[in-house]
Amino acid sequence: MKENNLFEEKQYLGTNIMHLLIRLVIAMGCFCLYRFSDTDDETKGLFFILGIAALAISGLLVFVLHISTVVNNGSLVLDGFWMSRRVKIDLNSIVSAEVTKYPRFVMHRAVYNLHLKGTIKFFTKGSEAVLLIDRDGLKYCIGSQKAKELCAAVQKQIQSTKV
């Protein structure tokens, strides 16, 4: 962590529980089809290879960065993976910051800069989020595994910019 960063967190794609379970179910299905297949042709071997590939992809996705969250110098910077745009939120325009429960649905998917019903969402995994509201009424919902620390860092920045 750099000296001037009040908060820094990295979230990885492979740690999203919903997608991990889907890949594991696919791999288990492939292994079951391989085991209980009646034929001894290439199809049986193909199921085994697909199962191994699903497990390998799951292992590799643990190292793929989805969101990097940094609070420093009066701004909150959310940097995504590959070619996604960097989002910089000026904390001078934020009027409130609070820790909330991330909405519980059956399935959470990883989102980056999703504009939905007047809220901009960033989420990889976890059950808590920080809800930021700016002067114009725009809401930012930022999912974090360390939501309380993120909220404290944002509130500290808000207080230091108002003084």
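Just so you know, all these numbers are worked out from the coordinates, no wet-lab data involved. Quick caveat: nothing in here was measured; it's all calculated off a predicted structure. Using ideal geometry, Cβ is built from the backbone for each residue, glycine included, and neighbour counts are taken over all protein chains shown.
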Calculate the dipole size of the chain relative to its Cα centre from +1 charges on Lys and Arg beta carbons and -1 charges on Asp and Glu beta carbons; express the result in debye to the nearest 20. 560
Just to be sure I understand the model, the point goes 7 Å from the Cα along the line to the Cβ. What's the resulting F48 to N113 distance in nm? 4.5
With springs only between Cα atoms under 10 Å, which of I49, I67, I142 fluctuates most in a Gaussian network model of the chain? I49
In a Gaussian network model of the chain with springs linking alpha carbons closer than 10 Å, the residue among E128, E42, E149 that fluctuates most is E42
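If you average the sequence gap of Cα pairs under 8 Å that are 6 or more apart and divide by the length of the chain, what percent do you get for the contact order?
On the way: 297 pairs, mean separation 36.5, N = 163.
The value is 22 percent.
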Count of Lys pairs (Cα-Cα under 13 Å; at least 8 positions apart or interchain) in the chain: 9
How big is the charge dipole of region 73-162 about its Cα centre, in debye rounded to the nearest 20, if each Lys and Arg gets +1 on its Cβ and each Asp and Glu gets -1 on its Cβ? 200
With point charges of +1 on the Cβ of Lys and Arg and -1 on the Cβ of Asp and Glu, referenced to the Cα centre of region 73-162, which listed residue (L114, L76, Q159) lies farthest in the positive direction of the dipole? L114
So how strong a dipole does region 14-96 carry about its Cα centre when Lys and Arg Cβ are +1 and Asp and Glu Cβ are -1, to the nearest 20 debye? 380
Just S93, S144, S37 to compare: in a GNM of the chain, with alpha carbon springs under 10 Å, which one fluctuates most? S37
